[in-house]
Amino acid sequence: MFYGREDDLRALDRLWNKPVASLVTCRGRRRIGKSTLIEEFVRRSKARFLEIEGLPPQPGQTNDDQLNHFAEQLREQSSWRGSCPASWYEAMLALSGVIGEERTVVLLDEISWMGAHDGSFPGILKTAWDRHFKKHQHLVFVLCGSVSTWIQENILNSTGFVGRATLNLVVGELPLRDCLRFWGDAAERVSAREVIDVLSVTGGVPRYLEELDPGLSAVENIQGMCFSPKALLRDDFAKIFSSVFGENAVVKRRVLSALAKSPMTVSELADAIGMERCGVLSKHLEQLVVAGFVVGDRGLNPLTQKPAKIIRYRLKDNYSRFYLKYIEPNAEMIDRDAFRCQSLESLKGWDSMMGYQFETLVTNNVSALLPHLGLERALLLSAAPFRQLPTARKRGCQVDLLLQTEGSVCLVEIKRMREIGPGIENELREKVARLAVKSGVSVRTALVYEGELSPRLAASAYIDKFVNFSCLLKGV
């Protein structure tokens, strides 16, 4: 199953119009579909495909192991029959030698694993590109990896590769309308609530959505994907986290565990995990941001119209939060298959947790929301959750999502409740009264919801826009 990614595919297809070879970087979290995207590009292009993947990190692994693995894959996919290369330059020379005149896509997947044991690997790769690969006229050469920081530091930010990369693809979660396609023919019959509950666990990660059984309820799907001993999502977090971050995974895991509870500033996070407020913690956060697990919400201060001085970091990956909050703490019970008949709604804090996951879904899909607010053609200056700290002159407030354009701000409240009462209007009134906004700026309000609106709330003239989440799902 391949859904979406049309913009990325068009960008890749345009590379064939160039009279020279193209160097492409492709990054994103594991399971997000990077390799599948390149495979789909190859299929549509009807090009020759050479895919070589680095070995996953293992204790005792050496550079020779990686070179042997490279050679085995090259033999399997080409006529090359040489012995194991003695160096990475020799390996790249062998690869270049099997590329002909026809359209060819070369994918070096998990590139950071490939060169993990040779500090000269990036330099060798640059030399091989300059001397050999770029001379193949009909070549798209893709460097792909889940360790996005490696690609950023060694390719994108490297002086050696300046001006060489034609396209930098950052593969993120699928948008809502494409997620819905995994329900197939059942998409028209399944309720928005069930879709939300599944996406609150999987996010828009294609590999997780492939586990979906459209014939089962959301609860049955979640139990099958997460709460059975051999389920994919039972321990996938541990697998992907250690393989992506290696020896640095321990501290980053503590960071995510803290952010799973609530968004935090660097100072708040340092206190929460008992770590000094120093550049080391900021570096861990930066790497988590680049890897796609965390986002730093800065946004604009609506009073000054300048970037907020303090960044708040939040966990944007719904599966990671769900794992840390419900799967990991119940791992022993899951492995005993104790959840076979357990009601998930009986888990502590279930409703509030799913409400927060719903907020993340909406915040991660702002582009789908904008048309429903009449902002699809507006110059959006900022779109992020916003917290105004209390001072002697003003009271604090928390806005689920604050959208700012030239001359206006929109406070978006996000609610997932079976019955949504008129208290929401009062909450918005209070937030509008507290929010410090620059003089001359219009203030508007919106409610994105899943549930039943009370008649009184539905008739409210104070809330400018009501957006049912099902409209975001279906893109209408």
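The values are calculated or read from the model by the stated rules, or taken from the named source; none is laboratory data. Predicted model only: the values in this text are computed from it and were never measured. When we count neighbours, we look across all protein chains shown, and the Cβ atoms used for this are built from the backbone with ideal geometry, even at glycine. In case anyone asks, the SASA skips ligands and DNA or RNA and just uses the protein heavy atoms, side chains included. Shrake-Rupley method; radii C 1.70, N 1.55, O 1.52, S 1.80 Å.
What the table shows:
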item: Residue that is least open to solvent (accessible area, probe 1.4 Å), among those in the range 334-349 that are within 28 Å of GLU419 (Cα to Cα) and small (Gly, Ala, Ser); result: GLY349
item: Those residues of the range 220-237 which are assigned to a helix (DSSP H, G or I) and either among the aromatic types (Phe, Trp, Tyr) or under 17 Å from the mean Cα position of the chain (by Cα) (or both), in sequence order; result: LEU233, ASP236, PHE237
item: Options SER87, SER79, SER45; residue that is closer than 28 Å to GLY123 by Cβ and of a type in the set (S, T, N, Q); result: SER87
item: Residue within the range 161-176 that is touching a Leu at 6+ places or on another chain (Cβ under 6 Å) and farther than 26 Å from THR104 by Cβ present; result: yes
item: The range 444-476 - residue that is in a strand (DSSP E or B) and open to solvent by 60 Å² or more (accessible area, probe 1.4 Å) and, of those, farthest from LEU303 (Cα to Cα); result: GLU452
item: Neighbours by Cβ (under 7 Å, 6+ apart or cross-chain): first from the range 258-270, farther than 16 Å from LYS283 by Cβ; second open to solvent by 40 Å² or more (accessible area, probe 1.4 Å) and among the aromatic types (Phe, Trp, Tyr); result: none
item: Meets criteria (open to solvent by 10 Å² or more (accessible area, probe 1.4 Å) and within 24 Å of the chain's Cα centre (by Cα)) for ARG5; result: yes
item: Top-ranked residue of the range 28-73 - restricted to ones that are assigned to a loop (DSSP other than H, G, I, E, B) and under 22 Å from MET92 (Cβ atoms), ranked as least open to solvent (accessible area, probe 1.4 Å); result: GLY54
item: Qualifying position, being modelled with pLDDT of 95 or more, over 20 Å from GLN388 (Cβ atoms), part of a helix (DSSP H, G or I) and of a type in the set (Gly, Ala, Ser), among SER243, SER257, SER282; result: SER257
item: Some residue of the range 196-219 being over 15 Å from the mean Cα position of the chain (by Cα), part of a helix (DSSP H, G or I), in contact (Cβ under 8 Å) with a residue 40 or more places away in the chain and buried (at least 16 other Cβ atoms within 10 Å of the Cβ); result: yes
item: Residues (of a type outside the set (A, V, I, L, M), modelled with pLDDT of 95 or more and in a strand (DSSP E or B)) located in the range 95-153; result: THR104, ASP109, PHE141, CYS144
item: Identity of the residue in the range 95-116, out of contact with any strand residue (DSSP E or B) (no Cβ under 8 Å at 6 or more places or on another chain) and open to solvent by 20 Å² or more (accessible area, probe 1.4 Å), that ends up nearest to ILE155 (Cα to Cα); result: ALA116
item: Test: residue in the range 374-383 that is in contact with a Gly (Cβ under 7 Å, 6 or more places away or on another chain) and open to solvent by 40 Å² or more (accessible area, probe 1.4 Å); result: no
item: Filtered residue count, the range 76-92, keeping only those that are of a type outside the set (S, T, N, Q), surrounded by 14 or more Cβ atoms within 10 Å (Cβ to Cβ) and within 35 Å of the chain's Cα centre (by Cα); result: 4
item: Only one of LYS394, LYS415, LYS438 that is in a loop (DSSP other than H, G, I, E, B), touching a residue at least 24 places away in the same chain (Cβ under 8 Å) and in contact with a strand residue (DSSP E or B) (Cβ under 8 Å, 6 or more places away or on another chain); result: LYS394
item: Condition met for THR127 (of a type in the set (Ser, Thr, Tyr) and over 25 Å from PHE2 (Cβ atoms)); result: yes
item: Some residue of the range 251-258 being farther than 18 Å from LYS325 by Cα and either open to solvent by 30 Å² or more (accessible area, probe 1.4 Å) or under 21 Å from the mean Cα position of the chain (by Cα) (or both); result: no
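For (1) in contact with a strand residue (DSSP E or B) (Cβ under 8 Å, 6 or more places away or on another chain); (2) of a type in the set (Gly, Ala, Ser), each residue gets a yes or a no:
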site	(1), (2)
SER282	no, yes
PHE293	yes, no
LEU303	no, no
ILE310	no, no
TYR319	no, no
ILE334	no, no
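Matching residues to (1) open to solvent by 60 Å² or more (accessible area, probe 1.4 Å); (2) out of contact with any Leu (no Cβ under 8 Å at 6 or more places or on another chain):
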| residue | (1), (2) |
| --- | --- |
| TYR323 | no, no |
| PRO329 | yes, yes |
| GLU332 | yes, yes |
| ASP351 | yes, yes |
| GLY355 | no, yes |
| VAL362 | no, no |
| ALA368 | no, no |
